[in-house]
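Report on one structure; see the data block that follows.
Values quoted throughout were computed directly from the atomic coordinates according to the rules given, and no laboratory measurement underlies them. Please read all numbers here as calculations on a predicted model, not as lab measurements. Quick reminder, even Gly has a Cβ in these numbers, built from the backbone with ideal geometry, and neighbours come from all protein chains shown.
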Amino acid sequence: MEPNLSTKEKITWCSGCPNSQILVSFRKAITELVQNNELKIENIAAFAGIGCHGKISDYININSFTSLHGRLIPAMTGTKCANRNLTVIGFSGDGDSLDEGVEHLIHAAKRNSDVNLFVHDNQVFALTTGQADAMSAKGYKGKSTPLGNIEEPFNPLLLLLSAGATFVARTYAGDIEGTKKIMQAAIAHKGFSFVDIIQPCITFFDTRDHFKERIYWLPEDFPKGDLKAAMEKVSGNLPAGEESIDEKVPLGIFYKVEKPTFEEELYKFS
Amino acid sequence: MNTDKNNVFTIGVGGAAGEGVKKTGINIASFLRDAGFDIYLSFEYPSLIRGGHNFARLSFSKDRVWNDHSKLDVMVSLNDESAELHKNEMKPDTLQLSGLPMPEITQRIQNILKEKNIEPGEPKGVLIDGNTAFSRGLMAAGLDFYISYPMTPATSILHYLASKQTPDGLKVIQPENEISAINMALGCVYAGKRAAVGSAGGGFALMQEAFSFAGMAELPLVVAIAQRQAPATGVPTRSSQSDLRFAIHAGHGEFPRIVLAPGDSEESFWAGADALNFAWKFQIPVIVLLDKILSEHMMTSIFDENSVVIARSETMVFPGTLDKVVKVTSYEHDEEGFTVDKPENVKKMVDKRFAKTANIEAEMNNRETIKIYGDKSSENVIVFWGSTKGAVLEAAKYFNKEVKMVQILWVEPFPKERVLEELSKAKKIICVETNHNSQLASLIREKTGIEISEKILKYDSSPFDPEDLAKEINERIKE
């Protein structure tokens, strides 16, 4: 039976915002998992932070926890520790998890908490009207950086690989089928799964053309258990907005290894 | 004032950090406890690991001892400088022991007791500090998770509970910082587990936004604040009662909470048990205010874990329940958990949360929110809260006049009728606190309209000495 995932709430994202595509991908992903009896709908706990992405809690008829800005990750770990039968999925933004809550992101990867984090990465603070954030390129002009951003952005995939995430992937919001598959792979993975979802902000930083020309899926035979190969693969990709870039932007699973999870270890000892 | 009338003996143990001062103090205290004495054991130490001067001081008596005394009957020196550092606390007949092994020390103490014809009796309870008693209270009320980042003087809660973990029961997590700790705890609560966090005032300052979230989302949570001398990093290993206002007003926005202020180990046990039960009964955050003195000093206490009844909310539902969708959010929301911003919906939800106040106050009225000691009819009244209880009750042994002593255990909501009843007929009221702004006196004025003009305040981070405090109070109640 197809679960009823829609709610009474009216969607208030900008018309044409790729957040809606992420929502569609997620609904498809969990509908299939529920229909195939791989997941019970009541056992999903979906978390969100604060930012445009965070509205997603109101648009899916499943258990949800809309945390404070940047603080969904510790709450996710708490929930997973408290009930290991739950599948814990977090929606976050680049401002949410790479600015405000970056310490939690790194530590969740370090402790390999068995939760999934999907970052709606639009390289800008959108809900607060377009300021530069941790993913904005140097030179980005927003209302708080009228002369151009003077900082270099993070490379989130490299950061997460270094921190110890056991599943690191990237997808593009406009590719609904591809995003759905990556979400399902992340959910199936035991351990901390990090998915960077490129989500162009059509109002404040429209990168749709930039990415459409550059994205490609990693070949099937990309070695997923090789940290060095993964780091090499992700380290050359400059974010949109950097001058004179011509690199392609690979999508797919860069890294996936099995390690004991934080929650397993917590219940193993004492 | 005649101190000789009182059969309280005091032993000091001094040495360098790392030389086993605390252990020696506990050993002597345990031996005396087994011999049926009532004991109060304090520790003083600087914020370092090795070297520096550590001091344990224990006062004991056949009668109740509420606080340690400065003047020493016996001084045990583990190094050369100890006796010199404490020479102002020596009396002409102070027995000085140095370089002796433990059995020899206890033998010498036994000899003194024999000389003074003091007979041993039956043990009067366990020797326990406030943090451990508080932790045992939490456990008795069904604690599932304690999540904390180390910070003196709250750290021993973390250590004690970490040592009590079981494969499928209590779990203790030390995450990356205090912000993570409290948000992780809220995640545990969302999944239906009973959680507590603890820190000093500085760590709790970092938790403010999430504390407010617990209020907004009606998530039951217990927070222990073990106060220390502040502001900022302050004096990490010294005490203070300067976070009373901070706790009452904690978190941005308005939402109901309970703030309990136990005054000794036994009350700390009950504060732990009650706090967890109140949090879950009313779906609110509950704060327990401890302080360095209460947290770390040990005293003989009696409490029974088996008498704690676990209270639960009858309406809460958790993720994993068939056909139920459980939505929690930090945004204002409707009763299903969807975001709202229409003024009528916002007001409705604020009113819904504050509708609990009546139930909380009804609960409060069935509880021992204040305690009265001394002469209940006296027009001289001393009012206090928290660990100052020990100093005041011990000082009372040296008062020249009968006085009424009022201890306040609930600071939010405030038991205003009861306080009013006890204070309104007083001719003289003296408020005793270890802070600069006399926070309790200001709270009493705010809630009852009673202005307390006489205050004895200490904010140098050191504890009151009962005999000094008695001298000060005697001076003020002379007329």
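Could you tell me how many degrees, from 0 to 90 and to the nearest 10, lie between the Cα long axis of helix B:178-190 and the main elongation axis, the longest principal axis, of the Cα atoms of chain B?
60 degrees
Of B:Gly51, B:Met75, B:Ile28, which is farthest towards the positive pole of the range B:17-153's charge dipole, taken about the Cα centre with +1 and -1 on the beta-carbons of Lys, Arg and Asp, Glu respectively?
It is B:Ile28.
Any chance you could list P(r) for the range A:19-268, counting all Cα-Cα pairs in 5 angstrom bins from zero, rounded to whole %?
P(r) over the range A:19-268, rounded to whole percents: 1, 7, 14, 19, 21, 18, 11, 6, 2, 1, 0.
Classify the range B:370-476 as rounded, prolate or oblate, taking a ≥ b ≥ c as the square roots of the eigenvalues of its Cα gyration tensor: rounded when a/c is under 1.5, otherwise prolate if a/b is larger than b/c and oblate if not.
Verdict is oblate for the range B:370-476.
Shape verdict for the range B:3-124, please, from the Cα gyration tensor: rounded (a/c under 1.5), prolate (a/b greater than b/c) or oblate.
prolate
So if I place +1 on the C-beta of Lys and Arg and -1 on the C-beta of Asp and Glu, and nothing else carries charge, what would the dipole magnitude of the range B:370-476 be about its Cα centre? I want it in debye, nearest 20.
Charge dipole of the range B:370-476: 300 debye, to the nearest 20.
Roughly how many whole Å is it from the C-alpha centroid of the range B:198-258 to that of the range B:323-361?
23 Å
Where does helix B:466-476 land angle-wise versus the long Cα axis of chain B, in degrees 0 to 90, nearest 10?
80 degrees
On a full-extension model of 0.36 nm per residue, what is the gain between A:Ser15 and A:Ala188, subtracting their alpha-carbon distance, rounded to one decimal in nm?
Full extension from A:Ser15 to A:Ala188 adds 59.1 nm.
Past the 28 Å Cα-Cα mark, which pairs from A:Lys55/A:Lys268; B:Lys389/B:Lys447; B:Lys124/B:Lys193; B:Lys376/B:Lys458; B:Lys425/B:Lys447; B:Lys22/B:Lys124?
A:Lys55/A:Lys268; B:Lys124/B:Lys193
Which one of B:Pro123, B:Ile173, B:His86 has its Cα pushed farthest toward the positive end of the charge dipole of the range B:80-179, where Lys and Arg give +1 and Asp and Glu give -1 at the Cβ?
B:Pro123
Please list, or write none, the aspartates and glutamates whose alpha carbon is within less than 15 Å of the alpha carbon of B:Lys352, excluding same-chain residues fewer than 8 places away.
Once the sequence-local aspartates and glutamates are set aside, what remains near B:Lys352 is B:Glu218, B:Glu254, B:Glu332, B:Asp334, B:Glu335, B:Glu336, B:Glu344.
Using only alpha-carbon positions, what ratio does the radius of gyration of the range A:1-117 give when scaled by 2.2 N^0.38 Å?
Against the empirical 2.2 N^0.38 Å value, I get 1.05 for the range A:1-117.
Springs between alpha-carbon atoms under 10 Å, Gaussian network over chain A: tell me which of A:Lys256, A:Lys212, A:Lys138 tops the mean-square fluctuations.
Looking only at A:Lys256, A:Lys212, A:Lys138, the biggest GNM fluctuation is shown by A:Lys212.
Separation between the A:Ser162 and B:Ser307 pseudo-spin-labels, each 7 Å from Cα along Cα→Cβ, expressed in nm?
5.7 nm
In which sequence would B:Arg194, B:Arg418 go, from the one with the fewest C-beta neighbours within 10 Å to the one with the most?
B:Arg418, B:Arg194
Name the lysines eligible as straight-distance cross-link partners of A:Lys212: C-alpha to C-alpha under 23 Å, and not fewer than 8 places from it in the same chain.
Here the lysines satisfying the reach criterion relative to A:Lys212 are A:Lys28, A:Lys138, A:Lys141, A:Lys180, A:Lys181, A:Lys233, A:Lys248.
Apply the a/c threshold of 1.5 to the C-alpha gyration tensor of the protein assembly as shown and tell me whether it is rounded, prolate or oblate.
It is prolate, given that a/c is not under 1.5 and a/b is the larger ratio.
Which residues does the label zone of A:Tyr216 cover in the range A:156-190, counting backbone N under 17 Å from a point 7 Å along Cα→Cβ?
A:170-172
Report, as an integer, the average count of C-beta atoms from other chains found within 10 Å of each Cβ along B:171-177.
That works out to 5 on average.
Just how large is the dipole of the range B:128-365 about the Cα centre, in debye to the nearest 20, putting +1 at every Lys and Arg Cβ and -1 at every Asp and Glu Cβ?
Result for the range B:128-365 is approximately 220 debye, rounded to the nearest 20.
What percent does the relative contact order of chain B come to when contacts are Cα pairs within less than 8 Å and at least six residues apart?
Reported relative contact order: 15 percent.
Can you tell me the relative contact order of the range A:133-236? Whole percent, Cα pairs under 8 Å, sequence separation 6 or more.
21 percent
Express the relative contact order of the range B:3-124 as a whole percentage, based on alpha carbon pairs under 8 Å and six or more residues apart in sequence.
31 percent
Quick check on the range B:1-99: of the DSSP beta bridges with both residues there, what percent are antiparallel, nearest 5%?
Around 65 percent of the beta bridges assigned by DSSP in the range B:1-99 are antiparallel ones.
To check you understand DSSP bridge types, tell me what percent of the beta bridges within chain B (both residues inside) are antiparallel, rounded to 5.
In chain B, approximately 40 percent of DSSP beta bridges are antiparallel ones.
For chain B, find the longest principal axis of its Cα atoms and tell me its angle to the long axis of helix B:439-448, 0 to 90°, nearest 10.
Computed tilt is about 50 degrees.
Cut-off under 12 Å on the C-alpha distance; same-chain residues fewer than 8 positions from A:Lys224 excluded. Which aspartates and glutamates are left, in chain and number order?
Straight-line reach from A:Lys224, under 12 Å: A:Glu258.
How large is log10 of I(q)/I(0) for chain B at q = 0.10, 0.11, 0.14 Å⁻¹ when the intensity is taken from the Debye formula with one equal scatterer per alpha-carbon?
The computed values of log10 I(q)/I(0) come out as -0.76, -0.91, -1.37.
Nearest 20 debye, what's the magnitude of the dipole of the protein assembly as shown about its Cα centre given +1 on Lys and Arg Cβ and -1 on Asp and Glu Cβ? Don't jump to the answer; show the numbers that get you there.
Working: 82 positive and 99 negative charges, 149 e Å.
The calculated dipole for the protein assembly as shown is roughly 720 debye.
If you take every DSSP beta bridge fully contained in the range A:113-259, what fraction is antiparallel? Give it as a percent rounded to 5.
Antiparallel bridges: around 30 percent, rounded to the nearest 5.
Among B:Tyr190, B:Tyr398, A:Tyr140, A:Tyr267, what is the fewest-to-most ranking by other Cβ atoms within 10 Å?
Ranked by crowding around the Cβ, least crowded first: A:Tyr267, B:Tyr398, A:Tyr140, B:Tyr190.
Percent of Cα-Cα pairs more than 25 Å apart in the range B:128-365, please.
On the way: 10633 of 28203 pairs.
Across the range B:128-365, Cα pairs with separations above 25 Å total 38 percent.
Mind checking B:329-335 for the average number of partner chain beta-carbons within 10 Å of each residue's beta-carbon?
Mean inter-chain Cβ contacts per residue within 10 Å come to 4.
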